[in-house]
Amino acid sequence: MKTITEQRYSKLGPVVVQALKSRSFDAWYFDEQEDALEKIISLIPKDHQVSWGGSGTLNEIGIKERLANEGYALLDRDKAATPEERGEIQRLALLCGTFLTSTNAVSEDGQLVNIDGYGNRVAAMIYGPKQVIVIAGMNKVVKTYEDAYSRARNIAAPMNVQRFPNCKTPCQQTGTCADCKSVDTICSFFVTHRFCKPAGRIKVILIGKNLGF
């Protein structure tokens, strides 16, 4: 039995898919993350190197483990032994076959809004990898572009920074955005994807669950 929230998601999801398609994204909606996971795997050629940006959603759905078990060549920055090696893996990811990420927010009219600290995630989304697969729970979907920007800044970023206990930003301490200029800020780059070029390079998978933050 679907919850009330899941019932709403199953109705809204296909609407947002059509909005994304109108902006030349490829897009799909799935009620269950298991079905979404099968679709994601089907979209990744076996000869692609695969990498990803930091994402709670990717961790929750188990895509990294699935790719490793199926023998994909992975560029995993978390396996780096030093900060220098980690940075090199992040640079190599900009030329991988498939880049996986979530998004901070999706507007109902099909725009993606993201905030990034160092820019490696949004850089890969913009240009470089042959394809980008964006995986997002329906909790990321909001009504307007303005709502998406607000969600990215006032919900996603203050939650994301909690992963970094040594990060000295106001939002790490208070849980709310202070529009800071801290050297530790994770809000260096604000990027909107309002259209996909070339068409279909970015593929968006919406899942009718609350995933990530």
The chain -> Rg/Rh from Cα coords, Kirkwood Rh, value 0.95
Net charge (Lys, Arg +1; Asp, Glu -1) of residues whose beta-carbon lies under 12 Å from that of residue 57, residue 57 excluded, is +2
Taking the alpha-carbon centre of each part, the distance from the stretch 116-156 to the stretch 199-213 in Å is 10
Applying the gyration tensor rule to the Cα atoms of the stretch 104-189 (axes a ≥ b ≥ c; rounded if a/c under 1.5, else prolate if a/b exceeds b/c, else oblate), the class is oblate
The relative contact order of the stretch 102-213, taking Cα pairs under 8 Å that sit 6 or more residues apart, comes to a percentage of 41
Ranking 127, 118, 9 from most to least accessible area with a 1.4 Å probe gives 118, 127, 9
Here the net charge surrounding residue 184, from other residues whose Cβ is less than 13 Å away from its Cβ (Lys, Arg +1; Asp, Glu -1), is +3
Straight-line reach check, residue 168, cutoff 15 Å on alpha carbons, 8 or more apart in-chain or any other chain, hits among aspartates and glutamates -> 179, 184
Straight-line reach check, residue 140, cutoff 14 Å on alpha carbons, 8 or more apart in-chain or any other chain, hits among aspartates and glutamates -> 6, 108, 109
Neighbours of residue 210 by Cβ distance under 15 Å: Lys/Arg at +1, Asp/Glu at -1, summed charge +1
Among beta bridges assigned by DSSP with both residues in the chain, the antiparallel ones amount in percent, to the nearest 5, to 25
Of every hundred units of 1.4 Å-probe accessible area on the chain, the number belonging to carbon and sulfur atoms, as a percent, is 54
Computed for the chain: size of charge dipole around the Cα centre, +1 on C-beta of each Lys and Arg, -1 on C-beta of each Asp and Glu, debye to nearest 20, value 440
Which of 131, 111, 162 fluctuates most in a GNM of the chain (C-alpha springs under 10 Å)? That residue is 162
Answer in debye to the nearest 20: the dipole magnitude of the stretch 112-172 about its Cα centre, from +1 Lys/Arg and -1 Asp/Glu charges placed on Cβ, is 120
Residue-normalised 222 nm signal for the chain, counting each DSSP H run of n ≥ 4 as -39,500 (n - 2.57), nearest 500 deg cm²/dmol, is -9500 deg cm²/dmol
Percent relative contact order for the chain, counting Cα pairs under 8 Å at least six residues apart, stands at 30
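If you average the sequence gap of Cα pairs under 8 Å that are 6 or more apart and divide by the length of the stretch 1-77, what percent do you get for the contact order?
Numbers: 42 pairs, mean separation 18.9, N = 77.
Once normalised by length, the contact order is 25 percent.
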Per the Cα gyration tensor, the stretch 24-128 corresponds to an equivalent ellipsoid with semi-axes, largest first in Å, of 22, 18, 13
Taking only the alpha-carbon atoms of the stretch 80-138, the convex hull volume per residue, in cubic angstrom, is 88
Note, the stretch 126-131: 3J(HN,Hα) by Karplus (6.51, -1.76, 1.60, θ = phi - 60°), whole Hz, Gly/Pro = x, goes 6, 6, x, x, 4, 9
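Under a 1.4 Å probe, what is the accessible area of the stretch 51-178 per residue, stated in Å²? Don't skip to the end; give the middle numbers.
Numbers: 5770 Å² over 128 residues.
Ligands and nucleic acids excluded, the result is 45 Å² per residue.
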For residue 46, counting only lysines whose alpha-carbon sits under 20 Å away and dropping same-chain residues fewer than eight positions off, the answer is 64, 130, 203
Residue-ordered couplings for the stretch 182-195, obtained by feeding phi - 60° into the Karplus form 6.51 cos²θ - 1.76 cosθ + 1.60 and rounding to whole Hz (Gly and Pro as x), are 4, 5, 8, 3, 9, 10, 8, 10, 10, 10, 10, 9, 9, 7
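The values are calculated or read from the model by the stated rules, or taken from the named source; none is laboratory data. Small disclaimer: the values here were computed from a predicted structure and weren't measured. Here the Cβ is made from the backbone with ideal geometry for all residues, glycine too, and neighbour counts use every protein chain on show. Side chains included, ligands, DNA and RNA excluded: accessible areas come from the protein's heavy atoms. Shrake-Rupley method; radii C 1.70, N 1.55, O 1.52, S 1.80 Å.
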